[in-house]
Amino acid sequence: MTQNTQLRSATIIAIVDDDDSVRSALESLIRSSGYKTRTYCSALKFLDANALAETHCLISDIQMPGMSGVEMHEQLVARGIHIPTLFITAYPDAAPPIGADDPGLIACLPKPCDADRLLHCIETALLQQH
């Protein structure tokens, strides 16, 4: 096992999306790239799962029932928890700006996500942690 493979297999990517098919597709793609995944059907489920400390990167839909992905990210930041975050959305025109105001926000990708771009963004997010 190479060092890169070992690092990926120890890395946990959390996926938060209320759409079962999107969660499943993202989970399959990310696992096929060697990462571990944890999936959650809502922002509240993720926040309540006690998985924050073990999460290396977060992929979240923006618009979800209950709490939006943006609200979830704001709660994490307010708690002093900084997980590199990628937003995905079916409504890219309504996406929050990604910029220097919050270096923890890596990108906002339209649904359906381009697999290569998503994986590149995950790698960028993970490099930010080191």
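Each value in this text was obtained by applying a stated rule to the coordinates, not by laboratory testing. Because the structure is predicted, anything quoted here is derived from the model rather than measured. Cβ coordinates were reconstructed from backbone atoms using ideal geometry, including for glycine residues, and neighbour counts include every protein chain displayed.
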Next item on the list: Report, to the nearest 10°, how far helix 69-78 tilts away from the longest principal axis of the Cα atoms in the chain, using its own Cα long axis and a range of 0 to 90°.
Entry: 80 degrees
Next item on the list: Determine, for Val16, Val22, the number of other Cβ atoms within 10 Å of each Cβ, and report the residues in order from fewest to most.
Entry: Val22, Val16
Margin query: Let's test the formula: R0 of 22 Å, r as the Cβ-Cβ distance of Ala51 and Asp93. What FRET efficiency results, to the nearest 0.05?
Written below: 0.10
Item checked: Computed Rg/Rh of the chain, alpha carbon atoms with Kirkwood Rh -> 0.93
Note to self: Quick check: the angle from helix 20-32's long axis to the longest principal axis of the chain, C-alpha only, nearest 10 degrees?
What the structure shows: 30 degrees
